[in-house]
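Notes to accompany the following structure.
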Amino acid sequence: MRFDKGFRNTRKLGTIMVLLLVSFMLFTGGCIDLTEPKYQTGELTFSIVPMTENTRMPEGGMLTFYLVLRNVGDEPVNVWDLEEQVSYDVHVYDSNNTEVQYECGVISRPLLTNDILIELRPIKSIADTTNSKCWNLTEGTYTVNAVYHTSTGEEITEPYWLGEIQSNNLTITVVKTPVLKPDPLIFSIWNYSNESHRVKVEVLDENDSLIFAETYLIDASKGKYSPTIIYSPVVTETLGTYKYVVTLDHKFTAVQSADVRYAELVSSSDYVSIDIHDNKENPIGFGVSIA
């Protein structure tokens, strides 16, 4: 009787242990089966392109770039949103393939959470913009690329793509800043009249101070399409807005403004032509063009 009772107790204990073992296996096995993989795989591309076709800039200037992350695979994948120094870094190399120092400093950030994740479906992309302001680039040719990366050790609980992708290489050219010089202010007198005339030209600055005064005796026109022309010397090369006061034969006066600007700009200084016509009511006309 004691043997049967002990045997039954042993069997009971064994049954309990088996049930506990099965329960543990089911529990752990169920967790593995029900939980998605922590990290995902997928086909992504990463590219850097200039905002404009022009990849030349002066020293001290700035170029802006687009960063584009695209899902070229067949399945959606969770990726980190594009943030510089978080999910991507930009690198600049000189003509000797030496990396140029990044001068904006390294950010300090908290651990990332699920808020950083974006579901990127097939053929879809996300983009960000960055620029060259964090590098001191002198005259020369440079190569720019970017690296997209994700890592472990964050507080992200959802699965996401883990890895690193380098973008294409982009070549940019930095040129010396041009030395800007003012374009000189000059004028000309065109006599379309059949008579000779006395033309007095005065030029005043922004303070209405007289900086130029000259009287010209100009011969009659040589024909309908052959005016007599007089060209002035340089009036001034100082930047600013000026006022022409033109008096014809001590009788008629007309006023025209003109600007002195930098010669290297698309819009340089104004070139003023003073036109004389056989028109008793309005004998003085002006033509203003860019020098």
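The values are calculated or read from the model by the stated rules, or taken from the named source; none is laboratory data. None of these values were measured; they are calculated from a predicted model. Cβ placement follows ideal geometry from the backbone for every residue including glycine, while neighbour counts extend to all protein chains displayed. Ligands, DNA and RNA are excluded from the accessible area calculation, which covers all protein heavy atoms including side chains. Shrake-Rupley method; radii C 1.70, N 1.55, O 1.52, S 1.80 Å.
Can you list the strands (runs of 3 or more DSSP E) found entirely within segment 149-200 that contain at least 2 residues being more than 23 Å from the chain's Cα centre (by Cα)?
164-166, 187-191
If you take the residues in segment 157-184 that are at pLDDT 95 or above and aliphatic (A, V, I, L, M), which one is nearest to residue 273 (Cα to Cα)?
Per the criteria, the residue is 174.
Residue 74 fails exactly one of the following numbered conditions: (1) more than 20 Å from residue 139 (Cα to Cα); (2) in a strand (DSSP E or B). What is the number of that condition?
With (1) more than 20 Å from residue 139 (Cα to Cα); (2) in a strand (DSSP E or B) applied to residue 74, the lone miss is (2).
Exactly one of these conditions fails for residue 207: (1) without any contact (Cβ under 8 Å) to a residue 12 or more places away in the chain; (2) more than 29 Å from residue 179 (Cα to Cα). Give me its number.
Against the list (1) without any contact (Cβ under 8 Å) to a residue 12 or more places away in the chain; (2) more than 29 Å from residue 179 (Cα to Cα), residue 207 comes up short only on (2).
State yes or no: is residue 95 open to solvent by 70 Å² or more (accessible area, probe 1.4 Å) and either free of Cβ contacts under 8 Å to residues at least 12 places away in the same chain or of a type in the set (Val, Ile, Thr) (or both)?
no
Of the residues that make up segment 193-208, is at least one over 21 Å from residue 270 (Cβ atoms) and open to solvent by less than 40 Å² (accessible area, probe 1.4 Å)?
yes
Look through segment 229-261, keep the residues that are part of a loop (DSSP other than H, G, I, E, B) and touching a Ser or Thr at 6+ places or on another chain (Cβ under 8 Å), and return whichever of them is surrounded by the most Cβ atoms within 10 Å (Cβ to Cβ).
Restricting to residues being part of a loop (DSSP other than H, G, I, E, B) and touching a Ser or Thr at 6+ places or on another chain (Cβ under 8 Å), the top hit is 261.
Give me the pairs: first residue in segment 105-123 and at positive phi, second residue open to solvent by less than 90 Å² (accessible area, probe 1.4 Å), beta-carbon distance under 7 Å, and six or more apart or on different chains, which are they?
Sorted first by the residue in segment 105-123, then by its partner, the pairs are 123/71.
Might you check whether a residue that is under 18 Å from the mean Cα position of the chain (by Cα) and β-branched (Val, Ile, Thr) occurs anywhere in segment 55-64?
yes
Condition first: hydrophobic (A, V, I, L, M, F, W, C), surrounded by 14 or more Cβ atoms within 10 Å (Cβ to Cβ), at pLDDT 95 or above and in a loop (DSSP other than H, G, I, E, B). Can you find one or more residues in segment 121-129 that meet it?
There is no residue in segment 121-129 that is hydrophobic (A, V, I, L, M, F, W, C), surrounded by 14 or more Cβ atoms within 10 Å (Cβ to Cβ), at pLDDT 95 or above and in a loop (DSSP other than H, G, I, E, B).
Please list, ordered by first then second residue, the pairs with beta carbon atoms under 9 Å, 6 or more apart or interchain, first in segment 44-55 and more than 30 Å from residue 75 (Cβ to Cβ), second open to solvent by 60 Å² or more (accessible area, probe 1.4 Å).
From segment 44-55, the pairs are 50/66; 51/66; 51/129; 55/171.
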